[in-house]
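Following: one structure in structure tokens, then a few remarks.
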Amino acid sequence: MNRITVIPGDGIGKEVINAAMLVLEELSLPFEYVWMEAGDEAYEKYGKALPDETLEECKKSKAVLFGAVGETAADVIVRLRFELETFANIRPAKSYRGVKCLYDNVDIVIVRENTECLYKGLEFEVAEGIAEGIRVITRKGCERIARFAFELAKREGRKRVTALHKANVMKKTCGLFREVCREVAKEYDVEFNDYYIDAACMYLVMDPWRFDVIVTTNMFGDIVSDLAAGLVGGLGLAPSANIGEKYAIFEPVHGSAPDIAGKGIANPSAMILTTAMMLRHFGYLEEAAKVEKALEEVLAEGKTTPDLGGNLKTMEMAQEVVNKLKSY
Ligand code: ATP
């Protein structure tokens, strides 16, 4: 039995997690779910956004299935990624039939380093009106994320890995990242190139098909993955997985969306695709493919939530996905 900690969190996190559970129940796989609290509401209740019991439970589980949290994201999800040493954040951006988006046939996977860079939180106010932040990049960190990206490309039959950096300005930190990526690339029979992050943003908007797997440092990865999500229909469709040696956290890219929370209209697609990523992680490849296929068909038929122009509620759309699964 695989033990999974389920953290609904705040806002639409609590709504989309129920959609994920509906899909998982339909598959009835050997998972044991332990529900735990974290986020803004947990902070109000316990004075801690990530209560100790929640963190302990996560460390007893093999994976965390996470909805979304609001203002306390830095204390919850960013901290969890560090605590559980999930060094690779995988964020696919794919265009789906039936979903109005800027481009068709986009299929990019962003592999973002998750434990280093400016997001380490080493920020100091050194004098009145002067604040500093430290950007930490290590050879070990670069090597493991570069290797992860190439292994993913190999496993998924993807053609090219592109490293994004700003080595012309941040000569030491980005310089090290680029150097290590180039070294690791030599070990693989996968095409490799690298771009400056600013140029890459332009290419992503003008010609996204030149990208296949992107590997980059923490903050660039965070920004570029939202950009990529914007190319293919928005945050309601963007799943993600945080993978480490021992633990994994699966979460949609979106936040708690206070503007639509409580209305039952959040798009469950990102959460359902996230669930498929979790299934694949545990080796349920066939089930993962079926869930993705079911969602793709539901999207293509326009049976969606209002953000995608449909009129279904969150759980109605999830039920449509389950109905497809039942029909296979
Ligand atoms: P937070 O403070 O929790 O990060 P936010 O509103 O700043 O919340 P997101 O939650 O990521 O950031 O949402 C950004 C925008 O995208 C909002 O307008 C929100 O309504 C929309 N959005 C995000 N996720 C979804 C979803 N699953 N379904 C529909 N709309 C969504």
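Suppose the filter is aliphatic (A, V, I, L, M), farther than 15 Å from I12 by Cβ and in contact with a Leu (Cβ under 7 Å, 6 or more places away or on another chain); does V291 pass it?
When the stated conditions are applied, V291 passes them.
Which residue pairs have Cβ atoms closer than 8 Å, lie 6 or more positions apart in sequence or on different chains, and pair a first residue in the range 51-72 that is assigned by TED's automatic domain parsing to the domain that holds A248 and within 16 Å of the ligand (Cβ to nearest atom) with a second residue that is open to solvent by less than 10 Å² (accessible area, probe 1.4 Å) and of a type in the set (F, W, Y)?
Once the first residue is assigned by TED's automatic domain parsing to the domain that holds A248 and within 16 Å of the ligand (Cβ to nearest atom) and sits in the range 51-72, its partners that are open to solvent by less than 10 Å² (accessible area, probe 1.4 Å) and of a type in the set (F, W, Y) give L65/F250; F66/F250.
Answer with yes or no whether E32 is without any contact (Cβ under 8 Å) to a residue 60 or more places away in the chain and in contact with a Lys or Arg (Cβ under 7 Å, 6 or more places away or on another chain). Before the answer, list the steps.
Working: without any contact (Cβ under 8 Å) to a residue 60 or more places away in the chain: yes; in contact with a Lys or Arg (Cβ under 7 Å, 6 or more places away or on another chain): yes.
It is true that E32 is without any contact (Cβ under 8 Å) to a residue 60 or more places away in the chain and in contact with a Lys or Arg (Cβ under 7 Å, 6 or more places away or on another chain).
Does D259 meet the test of being within 13 Å of the ligand (Cβ to nearest atom), open to solvent by 30 Å² or more (accessible area, probe 1.4 Å), of a type outside the set (G, A, S) and not in a loop (DSSP other than H, G, I, E, B)?
Here the answer is no, as D259 does not meet what is asked.
Among what's in the range 238-256 and is out of contact with any Asp or Glu (no Cβ under 9 Å at 6 or more places or on another chain) and not in a strand (DSSP E or B), pick the residue that is farthest from the ligand (Cβ to nearest atom).
Selected residue: E251.
Identify all residues within the range 207-231 that are over 21 Å from C181 (Cβ atoms) and either within 14 Å of the ligand (Cβ to nearest atom) or open to solvent by 30 Å² or more (accessible area, probe 1.4 Å) (or both); write none if there are none.
Within the range 207-231, D207, W209, D226, A229, G230 qualify.
Can you confirm whether the range 95-106 contains a residue that is within 15 Å of the chain's Cα centre (by Cα), among the aliphatic types (A, V, I, L, M) and within 16 Å of the ligand (Cβ to nearest atom)?
Filtering the range 95-106 down to residues within 15 Å of the chain's Cα centre (by Cα) leaves none.
Taking every residue of the range 95-106 in turn, none turns out to be within 15 Å of the chain's Cα centre (by Cα), among the aliphatic types (A, V, I, L, M) and within 16 Å of the ligand (Cβ to nearest atom).
With the requirement that a residue be within 15 Å of the ligand (Cβ to nearest atom) and open to solvent by 20 Å² or more (accessible area, probe 1.4 Å), what does the range 73-94 give you?
A73, A74, D75, V78, listed by residue number.
Given E187, E143, E156, E128, which one is among the acidic types (D, E) and closer than 20 Å to T86 by Cα?
One residue alone meets the criteria, E143.
For the range 262-273, name all the residues that are in contact (Cβ under 8 Å) with a residue 60 or more places away in the chain and either surrounded by fewer than 24 Cβ atoms within 10 Å (Cβ to Cβ) or of a type in the set (D, E) (or both).
G262, G264 - these are the residues of the range 262-273 that are in contact (Cβ under 8 Å) with a residue 60 or more places away in the chain and either surrounded by fewer than 24 Cβ atoms within 10 Å (Cβ to Cβ) or of a type in the set (D, E) (or both).
Could you tell me which numbered condition R147 fails, if it satisfies all but one of (1) buried (at least 17 other Cβ atoms within 10 Å of the Cβ); (2) in contact with a strand residue (DSSP E or B) (Cβ under 9 Å, 6 or more places away or on another chain)?
Condition not satisfied by R147: (2).
Which is open to solvent by 40 Å² or more (accessible area, probe 1.4 Å) and modelled with pLDDT of 95 or more, of K140, K100?
After applying the criteria, what remains is K140.
So, in the range 40-50, how many residues would count as being within 16 Å of the ligand (Cβ to nearest atom), more than 18 Å from V6 (Cβ to Cβ) and charged (D, E, K, R)?
So the first thing to find is which residues in the range 40-50 are within 16 Å of the ligand (Cβ to nearest atom), and the list is 40-44, 49-50.
Next, only the ones that are more than 18 Å from V6 (Cβ to Cβ) stay: 43-44.
Now drop any that are not charged (D, E, K, R), which leaves 44.
Number satisfying all stated conditions: 1.
What's the number of the condition N218 fails, among (1) touching a Leu at 6+ places or on another chain (Cβ under 8 Å); (2) farther than 30 Å from G67 by Cβ?
Failed condition: (2).
The values are calculated or read from the model by the stated rules, or taken from the named source; none is laboratory data. The structure presented is a predicted model; accordingly, all values stated were derived computationally and were not measured. Reconstructed Cβ throughout: ideal geometry from the backbone, glycine too, with neighbour counts over all protein chains shown. For accessibility, only protein heavy atoms count, side chains too; no ligands or nucleic acids. Shrake-Rupley method; radii C 1.70, N 1.55, O 1.52, S 1.80 Å.
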